[in-house]
Amino acid sequence: MNPADLIAIDVHTHAEVSCWNPFDNYGEEYDRAADKYFGSDRRPTIAETVAYYRERRIGLVMFTVDAESQLGRRRIPNEEIAEAAKQNADMMICFGSIDPHKGKMGAREARRLIEEHGVRGFKFHPTVQGFLPYDRMAWPIYEVIAEHKLPAIFHSGHSGIGSGMRCGGGLRLQNSNPMLLEDVAIAFPDIQIVIAHPSWPWQDEALSLALHKPNVWIDLSGWSPKYFPPQLVQYANTLLKDRMLFGSDYPLITPERWMKDFDEAGFKDKVKPLILKENAVRLLGLG
């Protein structure tokens, strides 16, 4: 990635459609519930997303969520995203996603994705993947990530996935309390842990953990900045200004909408460049 050619780096975008695998309609009720919750049914291909970001001179980190054990849905191949990143290396980075229930086999995959496909980090979603972040089941994968000193993004807080479904689709919000990451932050100081989203209803827990553990960051994806809790803006402007990251959650929120609202949400002018690009350059080792 060439940061000098980019106006911003979005560290949180999703691959929604595979062009390698046939369409898997199993579990479609989760998508329909999410469409209703977010008021969006946008499902661009990887290539369409890359073209969209290239036109706007915004770099992006893209990943899928492998939740095959919990949801029974075939994942989008990590290799498909990695190939797109290789073809667009000036402005795109791939993070992998591996279901933690895959244990040692998942660790083998993580190593292969890093060493053979150039994957630069990993994404976990404790609610959708159905695990507690500190569960030793996931540690073989964490060990590989730590060995290569790569970052890992963890979903936190409420989830639009399952919202409104009977029993919430069986998905547990409690798995995504950011304080459950504390044991991971202590055991793996070489992993830069990114807490994704304003962590409602646990925003203060996320801020406390990031203040206490220097390998914990926060990405600001999934919400329009005009709805950010005031304490999140306060700490982004002060004590945590070097560990806050721009993320949109595209395609659920567009970077244009996010950046427009960001300009009006009370962030200091001297802090905006850190959040939009400079902190991501450090996190991703692009300096």
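The values are calculated or read from the model by the stated rules, or taken from the named source; none is laboratory data. Values in this document were obtained by computation on a predicted structure and should not be read as measured data. Backbone-built Cβ (ideal geometry, glycine too); neighbour counts: all protein chains shown.
So the values come out like this:
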item: Complete set of residues in region 98-150 that are outside any helix (DSSP H, G or I), without any contact (Cβ under 8 Å) to a residue 60 or more places away in the chain and more than 15 Å from the chain's Cα centre (by Cα); result: 118, 131, 132, 134, 135, 148, 149
item: Region 152-198: number of residues that are in a loop (DSSP other than H, G, I, E, B), out of contact with any strand residue (DSSP E or B) (no Cβ under 8 Å at 6 or more places or on another chain) and of a type in the set (Gly, Ala, Ser); result: 6
item: Selection within region 46-66 - surrounded by fewer than 20 Cβ atoms within 10 Å (Cβ to Cβ) and either among the small types (Gly, Ala, Ser) or modelled with pLDDT under 95 (or both); result: 47, 51
item: Per-region count, region 223-275, residues buried (at least 21 other Cβ atoms within 10 Å of the Cβ) and of a type in the set (D, E, K, R); result: 2
item: Any hit, region 16-28, residues being at pLDDT 80 or above, assigned to a helix (DSSP H, G or I) and surrounded by 12 or more Cβ atoms within 10 Å (Cβ to Cβ); result: no
